[in-house]
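Colleague: Before we start, here is the structure in question, set down as structure tokens.
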Amino acid sequence: MCRLRAASTLSTPSRPSRFANAGQLAPTPEASTGARVSSSKAPLPQRLRYAAEYAALRLLGAAIRAMPLDMASSVIGWSWRTLAPLTGRHARALEHIGAAYPSMPQAERETLSRDMWENLGRIMAETFQLDRMIDSPGRYTYDLDGVADVLRDRTRGCVIVSLHTGNWEIVAQPAETFGLRTAGVYQALSNPLSDAWLTKLRAGLFPGGLYAKGHDTARRMLSHVRSGGAIAFLADHRDVRGIQVPFFGRPAYANPFPVMLARSCGVPVVAVRVIREGGVHFRFAGEIVEIPRDGDRREDIAAGTAMVHGVFERWIREYPAQWMWIHRKWANGAA
């Protein structure tokens, strides 16, 4: 039987957060309304702020959508590459890169961080044009032979773990190829108007919907996995309420919930990544993570979470400029 025992002692999926931590799956209206606060219930000054933010977001989206997809990705990527290094987060990225690659010359760290900013800018532009990306199958290639049997297995569900690399917004794109009912968890924006609009942009990618974090999120995920569905997580998030695992030679905060869910339900853990292969073209690759299941529950979950992060580190080292180095991922120091 698929049960989550004492899940709150390790981590819970209920804390609201900002869009920077979202990008996991797009919700269906049924799945997402529970955690979204109605703007009509907010005080007048807050409603006005919501409206102004939403109007600015729509104007930005209209400007980006007025350009062809490839042009928008290139222009916004260049803008971020040029302007983002002027922000305080650039220093944080350089610090994290330096800690991960202590022998890397400063000039190379600077280049890597600027490449990262360009990729993040491209992701922003592409997010506003997700519907056009969905309608362009020629932009994608698949290196998923090692996980194909698991993804096609309709007798049981699976847990998909991914990370902030390539363009994570489209991590569920292969769902249609394999007939998956992929669902997941997203962290809603504080602005319900903006949240609803961005949710609608993502909706076409996720046939299983996404569950806004709330008190019944775990129950919904359990039900989905029991019915043979797939749950996808961006599992490289910092979670100070979770556990610590080795990551680039330092202890890092990690959310054990994906491994906990897979172990409790007896389903596979499939790690999937999106690799940008130039412009707006991507390759999907994946592998099975053979998490421990027969030992002490808590130790198995901790070891499995460390294994997932070991896969992530190996992948990041292959394409370091495509990962989001501005994460406050590590447990030691100000970074």
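Colleague: Which value, in debye to the nearest 20, describes the size of the charge dipole of the chain about its Cα centre when Lys and Arg Cβ atoms bear +1, Asp and Glu Cβ atoms bear -1, and nothing else is charged?
Modeller: Working: 42 positive and 30 negative charges, 241 e Å.
So the magnitude is around 1160 debye.
Colleague: For ARG219 and ALA51, what is the calculated FRET efficiency with R₀ set at 35 Å and r taken between the beta-carbons, to the nearest 0.05? Let's see the in-between values first.
Modeller: Working: r = 34 Å, r/R0 = 0.97.
Rounded to the nearest 0.05, the efficiency is 0.55.
Colleague: Applying the Karplus parametrisation 6.51 cos²θ - 1.76 cosθ + 1.60 with θ = phi - 60° to the phi angles of the range 211-225, what ³J(HN,Hα) value in whole Hz is obtained for each residue in order, glycine and proline being reported as x?
Modeller: 9, 4, 4, x, 5, 10, 4, 4, 4, 5, 5, 4, 4, 5, 5
Colleague: OK, next. Using θ = phi - 60° and the Karplus relation 6.51 cos²θ - 1.76 cosθ + 1.60, list the HN-Hα couplings for the range 237-242 in order, rounded to whole Hz, with x at every Gly or Pro.
Modeller: Values per residue, Gly and Pro as x: 4, 6, 9, 5, 8, x Hz.
Colleague: Could you please report the charge total around ASP300, scoring K, R as +1 and D, E as -1 over all other residues with beta-carbon less than 12 angstrom from its beta-carbon? Write out the running numbers ahead of the final one.
Modeller: Values: positive: ARG263, ARG293, ARG297, ARG298; negative: GLU290, ASP294, ASP296, GLU299.
With Lys, Arg at +1 and Asp, Glu at -1, the net is 0.
Colleague: Any chance you could list P(r) for the range 93-163, counting all Cα-Cα pairs in 10 angstrom bins from zero, rounded to whole %?
Modeller: Reading upward from the zero bin: 15, 24, 29, 26, 5, 0.
Colleague: Still on this model: Multiplying the sequence separation of ASP115 and CYS2 by 0.36 nm and subtracting their Cα-Cα distance, what value in nm do you get? Provide the component values of the computation, followed by the final result.
Modeller: Values: separation 113, 0.36 × 113 = 40.68 nm, distance 4.28 nm.
Gain on stretching ASP115 to CYS2: 36.4 nm.
Colleague: Same structure again: Put +1 on the Cβ of every Lys and Arg and -1 on every Asp and Glu Cβ in the range 76-227; which of MET221, ILE170, VAL150 then has its Cα farthest towards the positive end of the dipole?
Modeller: Final value for the positive-end residue is MET221.
Colleague: For CYS158, what residues show an amide H to amide H distance below 5 Å, using hydrogens built from the backbone and excluding near sequence neighbours?
Modeller: ALA230, ILE231
Colleague: What distance in nm separates the simple spin-label points at ARG314 and ASP135, each placed 7 Å from Cα in the Cβ direction?
Modeller: Here the modelled spin labels are 4.0 nm apart.
Colleague: Another one. Can you give the FRET efficiency to the nearest 0.05 for LEU201 and SER103, using r as the Cβ-Cβ distance and R₀ = 30 Å? Spell out each step's value before the answer.
Modeller: On the way: r = 41 Å, r/R0 = 1.38.
With R0 = 30 Å, the Cβ-Cβ based efficiency is 0.15.
Colleague: Please flag any cysteine in the chain that has no other cysteine's Cβ under 4.7 angstrom from its own Cβ.
Modeller: CYS158, each lacking another Cys Cβ under 4.7 Å.
Colleague: Let me ask something else about it. Using Cα pairs closer than 8 Å and at least 6 residues apart in sequence, work out the relative contact order for the range 140-290, in percent. Don't jump to the answer; show the numbers that get you there.
Modeller: Numbers: 275 pairs, mean separation 55.5, N = 151.
This gives 37 percent for the range 140-290.
Colleague: Please work out the C-alpha center-to-center distance from the range 118-187 to the range 266-335 and express it in whole Å.
Modeller: That distance is 15 Å.
Colleague: Still on this model: Would you please give the residues with an amide H less than 5 Å from that of PHE247, counting only those at least 5 places away or on a separate chain, with H modeled from the backbone geometry?
Modeller: ALA252
Colleague: Still on this structure, I have one more. For Cα Rg over 2.2 N^0.38 Å, several values are listed as [x] 1.03; [y] 0.96; [z] 1.40; flag the one computed from this structure.
Modeller: Here Cα Rg over 2.2 N^0.38 Å agrees with entry [y].
Colleague: Tell me the relative contact order for the chain as a rounded percent, counting alpha carbon contacts under 8 Å between residues six or more apart. Kindly include the intermediate steps, with their values, before the conclusion.
Modeller: Numbers: 624 pairs, mean separation 94.7, N = 335.
The value is 28 percent.
Colleague: Just flag the chymotrypsin sites (Phe, Trp or Tyr not before Pro) in the range 236-289 sitting in loop per DSSP whose Cβ has no more than 11 other Cβ atoms within 10 Å.
Modeller: Values: sites: PHE247, PHE248, TYR253, PHE282, PHE284; in loops: PHE248.
Nothing satisfies the criteria.
Colleague: Using 7 Å Cα-to-Cβ label points, what is the ARG238/ARG328 separation (nm, one decimal)?
Modeller: Using points 7 Å along Cα→Cβ, the separation is 0.5 nm.
Colleague: Extension gain SER190-ASP296, at 0.36 nm per residue separation less the Cα-Cα distance, in nm? The partial results should precede the final answer.
Modeller: Details: separation 106, 0.36 × 106 = 38.16 nm, distance 3.87 nm.
Additional length available on full extension: 34.3 nm.
Since every read-out is calculated from the coordinates, none of them should be taken as a lab result. No experiment lies behind these values; they were computed from the predicted model shown. Note that we place each Cβ from the backbone using ideal geometry, even for glycine, and neighbour counts take in every protein chain shown.
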